[in-house]
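Asker: One structure, as structure tokens, below. Some questions next.
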Amino acid sequence: MSKSRIRIVLEMIKFEHSVFALPFALVGALLAAREGGGLPTWRQVVWIIVAMVGARSAAMTMNRIADQEYDRRNPRTANRALPTGEVSVGFAWAFALGASALLVIAAWQLNPLALRLSPVALAVLFFYSYTKRFTSWSHFVLGFCLGMSPAAAWIAVRGSLDRRMLILCAAVTLWVGGFDILYACQDIEFDKSAGLYSIPKALGIARALWTARAMHLVMAGLLAWLAWSFRLGWPAWAGIVVVAGLLGYEHSLVKPNDLSKINAAFFTVNGYISLLFLIFWGVAAVTMRP
């Protein structure tokens, strides 16, 4: 694979946005290690990061392969690498398979349960790419793709799963699904013409925005439940307040008659949310033992 084509693919899949899910996975790893009275090993942390990067890269590349015809027809996405021919479909497939192999190798290096579940994770990630063709719930499927990450990180550290991680999985699912609804508001007219499904198309932009707000409100409640269930200290609760404040700011940027700040809400604010969540909850997990 040439360096220039790899660079183009990384730009196509917005590789830098791996930051969205990775902090939640690392929090899952820290909570898992905390239950054992310690910290994740550097080896575990490195392989968790490798697995996350491989999983997201495979999923996003598959999404672009599956949607290339829609991307070609949509004025907002017509300049992406596959529609313009900057990258061939064959090269994109090779990149997706390589990223998938990276996930499997990382899972193999972690523990047997992680390895056994890696094909299941890939199946869910690839399934998302086709959901917009038949259900408005595709936003929740995307959310679950990232929502799996804290549970996967717990399994990576402990070799088993604590049910409490499902709370964090649900919180991340609602967070991602909610901001994906905001992002999908840009394509409501194209979705109508192309026969694709989305909550903005089904409900209209105004009600879709209220749906996203409700999802993020429930997310904050789930984080509070999780902090209580793990008996985390004040940094975790402060983190919830910060996350809730940023979510409120995110929603203030997007209005039914003004979607011009979608990119700021989607990319910038959510990047801060995930990183600050890691900082506050990481401190709580590391400094305050059960």
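Each value in this text was obtained by applying a stated rule to the coordinates, not by laboratory testing. In this text, all values refer to a predicted model and were calculated from it rather than measured experimentally. Glycine gets a Cβ as well: all are built from the backbone with ideal geometry, and neighbour counts include every protein chain shown.
Asker: Placing +1 at every Lys and Arg Cβ and -1 at every Asp and Glu Cβ, with all other atoms neutral, what dipole size does the chain have around its Cα centre, in debye to the nearest 20? Provide the component values of the computation, followed by the final result.
Answerer: On the way: 26 positive and 14 negative charges, 54 e Å.
Taking the Cα centre of the chain as origin, the dipole is about 260 debye.
Asker: Where in the chain are the DSSP H helices whose C-alpha atoms run 24 Å or more along the long axis and whose mean Kyte hydropathy is at least 0.0?
Answerer: Counting only whole DSSP H runs, the qualifying helices are 42-66, 89-110, 112-128, 138-158, 165-184, 205-229, 234-253, 270-287.
Asker: Which value, in nm² and rounded to one decimal, describes the direction-averaged projected area of the C-alpha convex hull of the chain?
Answerer: Values: hull surface 56.5 nm².
Mean projected area for the chain: 14.1 nm², to one decimal.
Asker: Using 7 Å Cα-to-Cβ label points, what is the Phe267/Ala238 separation (nm, one decimal)?
Answerer: Simple spin-label model gives 3.1 nm for this pair.
Asker: Which whole-number percent is the relative contact order of the chain (Cα, under 8 Å, 6+ apart)? Don't jump to the answer; show the numbers that get you there.
Answerer: Values: 415 pairs, mean separation 62.2, N = 290.
Here the relative contact order equals 21 percent.
Asker: Under the definition of Cα pairs under 8 Å and six or more residues apart, what whole-number percent is the relative contact order of segment 163-290?
Answerer: Numbers: 129 pairs, mean separation 36.6, N = 128.
Computed over segment 163-290, the figure is 29 percent.
Asker: Related question: Read phi for every residue in segment 70-86 and hand back ³J(HN,Hα) as whole Hz from Karplus 6.51 cos²θ - 1.76 cosθ + 1.60, θ = phi - 60°, with x for Gly and Pro.
Answerer: 5, 4, 5, 8, 8, x, 5, 10, 5, 8, 5, 4, 6, x, 7, x, 4
Asker: Could you give the nm distance between label points at Trp93 and Arg164, where each point is 7 Å from its Cα heading toward the beta carbon?
Answerer: 4.6 nm
Asker: From a point 7 Å beyond the Cα of Leu117 in the direction of its Cβ, which residues of segment 156-172 have a backbone N at a distance under 13 Å?
Answerer: Backbone N within reach: 156-170.
Asker: What FRET efficiency would be calculated for the residue pair Trp210, Thr84, taking the C-beta separation as r and a Förster radius of 41 Å, to the nearest 0.05?
Answerer: Numbers: r = 37 Å, r/R0 = 0.89.
So the FRET efficiency works out to roughly 0.65.
Asker: Can you tell me the relative contact order of segment 121-214? Whole percent, Cα pairs under 8 Å, sequence separation 6 or more.
Answerer: Details: 109 pairs, mean separation 29.4, N = 94.
Normalised by residue count, the contact order of segment 121-214 is 31 percent.
Asker: Now a separate question. With r as the distance between the Cβ atoms of Ile6 and Leu275 and R0 = 22 Å, compute the FRET efficiency 1/(1 + (r/R0)^6) and round to 0.05.
Answerer: Numbers: r = 26 Å, r/R0 = 1.17.
Here the calculated transfer efficiency is 0.30.
Asker: Okay, next question. Count the net charge of all other residues whose Cβ sits under 12 Å from the Cβ of Trp154, scoring Lys and Arg as +1 and Asp and Glu as -1. Please report the intermediate quantities before stating the final value.
Answerer: On the way: positive: Arg34, Arg158, Arg163, Arg164; negative: Glu35, Asp162.
It works out to a net charge of +2.
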